[in-house]
1. With respect to L72, determine if the residue is modelled with pLDDT of 90 or more and in a strand (DSSP E or B).
2. Of all residues in the stretch 132-168, count the ones that are in contact with a Lys or Arg (Cβ under 8 Å, 6 or more places away or on another chain) and farther than 11 Å from Y202 by Cα.
3. Where residues in the stretch 192-228 are among the small types (G, A, S) and in a loop (DSSP other than H, G, I, E, B), which of them is surrounded by the fewest Cβ atoms within 10 Å (Cβ to Cβ)?
4. Quickly run through the stretch 169-200 and pick out the residues that are of a type outside the set (A, V, I, L, M), touching a Cys at 6+ places or on another chain (Cβ under 8 Å) and under 19 Å from V115 (Cα atoms).
5. Enumerate the pairs (first residue in the stretch 160-172 and on the phi > 0 side of the Ramachandran plot; second residue anywhere and surrounded by 12 or more Cβ atoms within 10 Å (Cβ to Cβ) and not in a strand (DSSP E or B)) with beta-carbon separation below 6 Å, excluding pairs fewer than 6 apart on the same chain, so at least 6 apart or on different chains.
6. Restricting attention to the stretch 76-122, which residues are under 29 Å from the mean Cα position of the chain (by Cα), of a type in the set (K, R) and closer than 28 Å to A196 by Cβ?
7. Here are A146, A162: which of them is touching a strand residue (DSSP E or B) at 6+ places or on another chain (Cβ under 7 Å) and among the small types (G, A, S)?
8. Mind checking which pairs have a first residue in the stretch 111-128 that is over 23 Å from I227 (Cα atoms) and a second that is in a strand (DSSP E or B) and among the charged types (D, E, K, R), Cβ under 8 Å, 6 or more apart or different chains?
Amino acid sequence: MAASPAGSGFGATGRRARARKGGAKSSAMRAGLGALGLVLLAGASPEAPQLRGLSAPEAGAPAPDPEPAYRLKPADIAVPEGAPRGSVRRLIQPFGPWTLICDEDLRRRTKICNVSQTILDRSGVVAFSWSLSATRAGAPAFILRAPIAGPARPLLTLRIAAAGPRAIDLARCDARQCLGFLPVTPGLRAAIRAGAAVEIAYRADAEAAPIRLSTTLDGLAGALAAIR
């Protein structure tokens, strides 16, 4: 009977020890959860999305397609939308320094033509080009193109045969060139029939020296006759 109180004391002591041990485990768990909570909060900090955006792609993710080293050159002819393949035929005929180019719609039996001439510099860069075609109203006109840069509105002078120089306003410009228009007058028609000599002058920019070119209308009359 005397052992009973001692046993009871030992049991109480053991229970208190186990309780203290359990409390320590609970405190450690709460501390661990608290630390995990801090880690989660740290993961939600403003820096986290930036770091995620800079991370490497996941393993197995498809790599972006590299730019091809080669590509197909599209056709030089602007085919009307919806036109079947082979319905447009291009005819190219040289007439001395002039080239006649006609695109014929075989279905509609219509033909669009222009006669062009291009002047290159020593390095093969285009220095001047012009084409004779029809305006929307059907009147013939020259379209002149020159590689002129700069904010100022450029001018180009044209001298045909013994006539005085004529100023051409190159009013339409982009990053590469400027365009101007020259209507075909009776005097110009006579010069075309005669195959007259032509002198061209312009400045590539306001500070550059004038560029002077010589060419001819020889061959243009034959190209125009071939259109009919």
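1. So L72 does not fit the description; no.
2. Qualifying residue count, the stretch 132-168: 4.
3. A209
4. Passing the criteria: none in range.
5. Pairs that qualify, where the first residue is on the phi > 0 side of the Ramachandran plot and the partner is surrounded by 12 or more Cβ atoms within 10 Å (Cβ to Cβ) and not in a strand (DSSP E or B), are A161/A191; A161/A196.
6. R122
7. Selected residue: A146, the only one of A146, A162 that is touching a strand residue (DSSP E or B) at 6+ places or on another chain (Cβ under 7 Å) and among the small types (G, A, S).
8. V126/R145; F128/R145
The values are calculated or read from the model by the stated rules, or taken from the named source; none is laboratory data. Just so it is clear, the structure is predicted and the values come from calculations on it, not from any experiment. Cβ atoms come from the backbone with ideal geometry, glycine included; neighbour counts cover every protein chain shown.
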